[in-house]
């Protein structure tokens with residue numbers, strides 16, 4: 001009985017994590033460079049970047065920023081995969097956001 005309840009709790013926690021909405025977003029910086037990230041709240045994360053809350057962040061000295069792309073995902077693994085794919089394309093100059 002206890003094992004069944006424990007399995008249900010674990011399954012429920014995993015399901016909540018998987019069913020949460022995630023976003024991959026791209027910011028265009030004032031110097032023309034782009035920043036790609038992942039979050040569960042685009043507007044909150046955008047404001048954090050704009051306000052410069054983290055002085056060590058790539059975007060800190062590149063403000064003001066413009067949100068130029070966002071894509072919604074229901075699975076965090078898919079969002080991470082997509083984010084890495086975009087970053088790889090950016091490094092290879094296969095993608096341009098001008």
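Here, each number is a calculation from the coordinates, and none is a lab measurement. Worth saying up front: this structure is predicted, and the values here are computed from it rather than measured. Using ideal geometry, Cβ is built from the backbone for each residue, glycine included, and neighbour counts are taken over all protein chains shown.
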**Ordering of 58-71, 83-96 by burial proxy (mean other Cβ atoms within 10 Å per residue, highest first)** = 58-71, 83-96
**Projected-area mean, region 17-60, by convex hull of Cα positions, square nanometres** = 3.4
**Request:** Over the alpha-carbon set of region 21-91, divide Rg by the Kirkwood Rh and report the Rg/Rh ratio to two decimals.
**Result:** 0.96
